[in-house]
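The values are calculated or read from the model by the stated rules, or taken from the named source; none is laboratory data. Keep in mind that what you see is a predicted model, and the values were worked out from it rather than measured. Methodologically, a virtual Cβ is constructed for each residue, glycine included, from the backbone with ideal geometry; neighbour enumeration extends over all protein chains shown.
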Amino acid sequence: MRITLLQTPWSKITAGPFGQFQTKFVFYPPSGLLYLAAFLESHGHQVTVIDLEAEPLSLKDLCVRISESELIGLTASTPVFHVARAYASALKKRLALPIVVGGAHVSALKEESLTDEFDFAIPYEGEQSGVNAFFS
């Protein structure tokens with residue numbers, strides 16, 4: 001399966017309940033997504049990780065990059081969960097792909113995390129999803 005894992009941007013975000021974040025001056029790789037990508041690749045999947053904080057893409061360019069995927073995964077902490085929802089909503093309107101959300105927010109607030117934008121929510125460790133997945 002061809003899977004794209006997305007880290008949504010979080011700096012300079014003004015919308016949402018947590019206000020504006022500081023501009024990011026250093027980029028750290030999304031280690032959780034990279035770990036999950038390595039696990040998925042070791043099980044025969046083709047995985048692309050896109051960090052939209054480090055590589056800002058327009059929605060059009062993002063859709064082009066992931067158009068060959070069969071599944072989209074997003075990660076979100078609580079302060080940027082609204083950003084993940086916005087990206088998922090926009091991607092759902094343009095691409096007919098299932099969308100999975102995971103990350104710290106989903107682990108902390110399981111049932112509240114499965115909103116209309118997501119087809120699946122996976123709390124805790126993504127590589128153990130068969131045990132923990134929530135389905136819409």
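Any residue that is modelled with pLDDT of 95 or more and polar (S, T, N, Q) - is there at least one of those in the stretch 6-18?
No, the stretch 6-18 has no match at all.
Taking A54 as meeting all but one of (1) over 15 Å from A88 (Cα atoms); (2) of a type in the set (G, A, S); (3) at pLDDT 90 or above, write down the number of the exception.
In the conditions (1) over 15 Å from A88 (Cα atoms); (2) of a type in the set (G, A, S); (3) at pLDDT 90 or above, A54 misses (3) alone.
Condition test on E125, is it at pLDDT below 90, of a type in the set (D, E, K, R), under 13 Å from the mean Cα position of the chain (by Cα) and surrounded by 13 or more Cβ atoms within 10 Å (Cβ to Cβ)?
no
Restricting to the stretch 56-87, name every residue that is crowded, with 19+ Cβ neighbours inside 10 Å, in contact with a helix residue (DSSP H, G or I) (Cβ under 7 Å, 6 or more places away or on another chain) and not in a helix (DSSP H, G or I).
I72, L74, T75, A76
Say whether the condition of being among the acidic types (D, E), without any contact (Cβ under 8 Å) to a residue 12 or more places away in the chain and assigned to a loop (DSSP other than H, G, I, E, B) is met by at least one residue in the stretch 41-52.
Taking every residue of the stretch 41-52 in turn, none turns out to be among the acidic types (D, E), without any contact (Cβ under 8 Å) to a residue 12 or more places away in the chain and assigned to a loop (DSSP other than H, G, I, E, B).
Please specify each residue of the stretch 109-118 satisfying the condition of being more than 18 Å from L33 (Cβ to Cβ) and in a helix (DSSP H, G or I).
Matches in the stretch 109-118: K110, E111, E112.
Please work out which residue is surrounded by the most Cβ atoms within 10 Å (Cβ to Cβ), limiting yourself to the stretch 40-55 and to residues that are farther than 12 Å from P9 by Cα and among the hydrophobic types (A, V, I, L, M, F, W, C).
Among residues in the stretch 40-55 that are farther than 12 Å from P9 by Cα and among the hydrophobic types (A, V, I, L, M, F, W, C), the one surrounded by the most Cβ atoms within 10 Å (Cβ to Cβ) is V47.
For the stretch 98-111, give me each residue that is within 23 Å of P56 (Cβ to Cβ) and either buried (at least 20 other Cβ atoms within 10 Å of the Cβ) or at pLDDT 95 or above (or both).
Those that are within 23 Å of P56 (Cβ to Cβ) and either buried (at least 20 other Cβ atoms within 10 Å of the Cβ) or at pLDDT 95 or above (or both): I99, V100, V101, G102, G103, H105.
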